[in-house]
Amino acid sequence: LTMPCLSTFLYIPFDLDIAAITESFNERMAALNLKRIGVLRFHWLDFLDSRHIDLIRQLSRLRISNHISLANFPPAEVKRVMDSLVLSKKKNKDKGSRVASTTVKSVTVQYSLLDTRAGGKMTAYCLKHGLTIQAYGCLAGGLLSDHFLHRDKPGSTRTDPDAVSLGKYHEVIEQWGTWELFQELLSTLRMIGNKHRVRISMVAM
């Protein structure tokens, strides 16, 4: 079996023992009766610590997954990783060593009408180099929906106290603009939705 997606969080600082990491992966895959992970999302917290590049290279060799996705990597860091993998592949080929295909195939980034940063350099780089974009937060935790049209701020009225992500995406709205401006956006999306007979969430996607 192959699992569609599995996220791994690599916290810094710690000892990057590839043998221990491999053993940990094998134990979890055995428990889930998996031979390979469908998509391995790779998180890194401190890009001043460049050990992630070597670790990605080693994970590619292990073939734990055919698809590694760089999660929340800035465009410059995506380029740095890909350049390193290409260089490593070229060196191995020159030495006559077996060359494995590059397993970094996508980036995972926040992307929505409220946060379009990935639509610039990131999208341009991915299109040029054949990487796909796995977007999250497209509906801002549900805030980009009919449910919040003509509603007060969730933070003040606790409209949906059980929605864990609302707090996070409410901060995204505050960085983008005001709640009043957000209501104007929802109203505009509602008008477009009325024209096409779909919900706000469909227009926002």
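All of the numbers you see were taken from the coordinates with simple rules; none came from a lab. Bear in mind the structure is a predicted one, so any value in this text is a computation, not a measurement. FYI the Cβ positions are ideal-geometry reconstructions off the backbone, even for glycines, and counts take in every protein chain you see.
The modelled label-to-label distance for the pair Met202/Lys79, using points 7 Å beyond Cα in the direction of Cβ, is 4.0 nm. Using θ = phi - 60° in the Karplus curve 6.51 cos²θ - 1.76 cosθ + 1.60, the 3J(HN,Hα) couplings for the stretch 191-198 round to 5, 5, x, 4, 5, 9, 6, 9 Hz; x is entered for Gly and Pro. Counting charges near Phe25 (Lys, Arg +1; Asp, Glu -1) among other residues having Cβ under 15 Å from its Cβ returns a value of +3. May I ask which of Lys35/Lys121; Lys89/Lys128; Lys35/Lys128 have a Cα-Cα span longer than 27 Å here? Distance filter (> 27 Å) returns Lys35/Lys121; Lys35/Lys128.
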